[in-house]
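Dumping the structure here so I can ask a few things about it.
We did not get these values from a lab; they are worked out from the coordinates using the rules stated. All values reported here derive from a predicted model rather than from experimental measurement. Backbone-built Cβ (ideal geometry, glycine too); neighbour counts: all protein chains shown.
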Amino acid sequence: MLSKTARVLLLTAVAPVTWGTTYLVTTELLPPGRPLLAGVLRALPAGLLLLALVRVLPRGSWWWRATVLGTLNIGAFFALLFVAAYRLPGGVAAIAGALQPLLVAALATVALRERLRLRTVLAGIAGVVGVALVVLTAQARLDALGVAAALAGAGSMALGIVLAKRWTPPASPLATTAWQLIAGGLVLTPVALLVEGPPPALDAPAVGGYVYLALVGTALAYVLWFRGIAALPAASASFLSLLSPVVAVLAGWAVLGQALTPAQLLGVAVVLGAVLAATRATLRSTTNAQPPVAAPLRGGSRPASVCR
């Protein structure tokens, strides 16, 4: 029987797994050249839906904290990802994103006083190598601005993860996720209108794609993601994000018939090994102790005394 910690890890892993399907949905269903529109239509509807379910608004300092977290995890992250995607091959951008667990581990030692273990550093390096084997092609070219945007995007979400862990949530994961998605969507909306212009007419496949991304790839995924961050060490949770590029490549193979090279298969094995190495310590450390229990997935707020 799985421990509570193992169940939290598996549920948290659902988030990057669903994010790994984003590329397939985007290329096959959505209008081309509209990544910022996709970000807005993912974040805002999902956030408003969750807010309608919980009916809990931020209080006190959580008005600005939710704005900061929403900007780091959603608004700025999506915008920087857009710049990186347009100026870099997808493989190079994915490798830069794979640095996120190492950035989280470094930040967590300062902000959360989590111990930086050699195992974590080695697993982080292995994760970067594994993602490179999975996604990098011989035709990849570097662009200074694109690399800077990709690294800044990884740094933005890494800082967002650490702050989300440091700041004690005043409400359930449903509520705090709703606040972040709405804040991030509002930050991203003017950028999308300025860069991409008004939304185009959408056909049925595009509507279905946006609905999937909003409900599954955003509402469900981010609730599970932030729930896991609250319950797990920040460094361990961040390693699960390495599953996203692996799922993207496997989805292309399974659905689109794209071939997998021996190097990609080796990369998949290396990434999975890195994730297991980084999370196994968390499982071991809670075997003889009370495992972290995530907040329940329901509305309502905690007592005001927990607000910081």
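Residue-wise, which Karplus ³J(HN,Hα) couplings in Hz belong to region 264-270, taking 6.51 cos²θ - 1.76 cosθ + 1.60, θ = phi - 60°, and x for glycine or proline?
5, 5, 5, x, 4, 5, 5
Here's another thing I want to ask about it. Order these peptides, 162-171, 55-64, 255-264, by their mean beta-carbon neighbour count within 10 angstrom, highest first.
162-171, 55-64, 255-264
Sticking with the crude label model, points 7 Å out along Cα→Cβ, report the distance from Leu118 to Ala259 in nm, one decimal please.
4.2
First measure r as the distance between the Cβ atoms of Leu215 and Leu193, then evaluate 1/(1 + (r/R0)^6) with R0 = 22 Å and state the FRET efficiency to the nearest 0.05.
Efficiency, from the Cβ-Cβ distance: 0.40.
Then there's this: Rank-order 1-10, 214-223 by packing density, defined as the average count of other C-beta atoms within 10 Å over each peptide's residues, highest first. Numbers along the way, then the final one.
Values: 1-10: 15.2, 214-223: 22.1.
The peptides rank, most packed first, as 214-223, 1-10.
Highest mean first, how do 75-81, 20-26 rank when packing is the count of other Cβ atoms within 10 Å averaged over residues? Could you put the intermediate results ahead of the total?
Details: 75-81: 23.7, 20-26: 19.3.
Listed from highest to lowest mean packing, they are 75-81, 20-26.
Taking Rg and Dmax of the Cα atoms in Å straight from the coordinates, which label in [x] 19.4, 61; [y] 18.6, 57; [z] 17.4, 51 is the correct one?
Among [x] 19.4, 61; [y] 18.6, 57; [z] 17.4, 51, the one derived from this structure is [y].
Which residues in region 163-179 have a backbone N closer than 18 Å to a point placed 7 Å from the Cα of Trp64 along the Cα-to-Cβ line?
Residues 163-164, 166-170 qualify, since their backbone N sits under 18 Å from the label point.
In addition: Per DSSP helix of 4 or more residues, -39500 (n - 2.57); summed, then divided by the residues of the chain. What does that give at 222 nm, rounded to the nearest 500?
Value at 222 nm, helices only, nearest 500: -23000 deg cm²/dmol.
If you don't mind, there's one more thing I want to ask. For the chain, modelled as a Gaussian network with Cα springs under 10 Å, which listed residue fluctuates most, Pro245, Pro35, Pro200?
With Cα springs under 10 Å in the chain, the top fluctuation among Pro245, Pro35, Pro200 is at Pro200.
Okay, next question. Cut-off 11 Å, label point 7 angstrom out along Cα-to-Cβ of Leu276: give me the residues of region 1-33 whose amide nitrogen falls inside.
Counting only backbone N, you get no residues.
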